[in-house]
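The values are calculated or read from the model by the stated rules, or taken from the named source; none is laboratory data. In this text the structure is predicted, and so the values were computed from the model without any measurement. Methodologically, a virtual Cβ is constructed for each residue, glycine included, from the backbone with ideal geometry; neighbour enumeration extends over all protein chains shown. We work out accessible area using only protein heavy atoms, side chains counted, and drop any ligands, DNA or RNA first. Shrake-Rupley method; radii C 1.70, N 1.55, O 1.52, S 1.80 Å.
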Amino acid sequence: MAINKSMRRVLKALSFDGIEVEASRNLANLKAIDPMKIFHKTIDYKIYNGEYEVPVRIYLPKEKVVDGLPVLLFFHGGGWVTESIDNYERICARMAADTDHIVVSVDYRLAPEYRFPTGLEDCYAVAEAIFTKRFILNVDPEQITIIGDSAGGNLAAAVSLMARDRGVFLPKKQILIYPAVNWDYSEASPFASVRENGSDYLLTAGKMRDYIELYLSCEDDKKNKYFAPLMETDYSDQPKTLVLTAEYDPLRDEGEEYGHRLRKAGNEVEIHRIKDALHGYFALGIKYYHVQESFELINNFLRED
């Protein structure tokens, strides 16, 4: 169903600019108090990034033999500033149940206390440990898919670029859900969706500008391909990729452009725009048709060689 006029008025009222870090985190943390929480078998574990222990939470599919199961290595969204593995518990439990994959969710360090590239290096360290079999579970590297939503999609794309460049491992597949892969959310942005969807659909262009400023360490970061993957000039040797975007999302066009650039460089890429969806829809319950459509696309992608 299309967004009707009444819903548009509600969305517009809720779409305000500005990020107040503590208030935003407190609001996000309310999701951890979840009366509808899915009870799921989990293992909490830590992986070293240098001397820092990066917390991860492992979600096991119900009634499955763990040994030999494929893995989704998940990086959560939240503008690099909010959210945590606790807040994403329902999403990750649902992913494990609906894909029959082990889900490993990474609690990377957040900005502005830890600015770029700290959170990214946490994500890379976890990925390297799992791909090189320095992990609590015995995992086949060929059966690991990197996945992330929004800022987590940015981190997934950056980890794949970094993995290629450092040469230690390379993911076979990645799933980027409405990824933030650019840095410019002003009126000068090259992407029409920033102007078309940047004021009335919950995630605003103004919020994205604030997230970028909170995440970067210096202005030169905006030119860094690991900060904004659309700054890359060589997209060769990247994983088989599924890109999901939302129709009413300021990040829509940049996510699709990233998919097009990967494809042009010779990589296998699927790009799907979820009609009538807003940024953040993936956090809704499985009964929502946007989520059902996404899981159908994800499972089809995961089944492909």
For this session: Given the peptides 288-296, 71-79, 210-218, arrange them by the average over their residues of other C-beta atoms within 10 Å, most packed first.
Result: 71-79, 210-218, 288-296
For this session: Sort region 125-219 into rounded, prolate or oblate with this rule: let a ≥ b ≥ c be the square roots of the eigenvalues of the Cα gyration tensor; rounded if a/c is under 1.5, and if a/c is not under 1.5, prolate when a/b is larger than b/c, oblate otherwise.
Result: prolate
For this session: Run down the aspartates and glutamates and flag those whose C-alpha is under 20 Å from the C-alpha of residue 46, throwing out any fewer than 8 positions away in its chain.
Result: 67, 83, 86, 89, 107, 121, 122, 128, 140
For this session: Mind ranking 20-30, 183-193 by how tightly packed they are, going by the mean number of other C-beta atoms within 10 angstrom, highest first?
Result: 183-193, 20-30
For this session: Select one label from [x] 78, 49, 42; [y] 50, 43, 37; [z] 55, 47, 41: the one whose number is Cα extents along the principal axes in Å as derived from the coordinates shown.
Result: [y]
Problem set entry | Carbon + sulfur, % of accessible area of the chain - ligands and nucleic acids excluded, 1.4 Å | 52
For this session: May I ask you to give the solvent-accessible area per residue for the chain, in square angstrom, as obtained with a 1.4 angstrom probe?
Result: 44
For this session: If a/c stays under 1.5 just call it rounded; otherwise compare a/b with b/c (prolate if a/b is bigger, oblate if not). Do that for region 37-98, with a ≥ b ≥ c from the square roots of the Cα gyration tensor eigenvalues.
Result: oblate
For this session: Determine, from the Cβ-Cβ distance of residue 67 and residue 222 and an R0 of 41 Å, the FRET efficiency 1/(1 + (r/R0)^6), rounded to the nearest 0.05.
Result: 0.40
Seminar exercise, completed: Length-normalised contact order of the chain, Cα under 8 Å, at least 6 apart, in percent, tallies to 17
For this session: Let me see the pair-distance distribution of region 177-305: every alpha carbon pair, 10 Å bin width, integer percents in order.
Result: 13, 40, 36, 12, 0
Problem set entry | Cβ crowding within 10 Å averaged over residues, with 94-101, 124-131, 258-265 ranked highest first | 124-131, 94-101, 258-265
For this session: Would you give the gap between the C-alpha center of region 230-294 and the C-alpha center of region 158-220, rounded to a whole Å?
Result: 12
Problem set entry | Selection from 181, 87, 226, by position along the positive dipole direction of the chain (Cβ) | 87
Exercise. Let a ≥ b ≥ c be the square roots of the eigenvalues of the Cα gyration tensor of region 207-274; is it rounded (a/c under 1.5), or, if not, prolate (a/b larger than b/c) or oblate?
Worked result: oblate
Exercise. Cβ under 13 Å from residue 268's Cβ, residue 268 left aside: what net charge do those residues give with Lys, Arg +1 and Asp, Glu -1?
Worked result: +1
Exercise. What ranking of 231, 162 comes out by heavy-atom accessible area, probe 1.4 Å, highest first?
Worked result: 231, 162
For this session: Quick one: work out the % antiparallel among DSSP beta bridges in the chain, nearest 5.
Result: 30
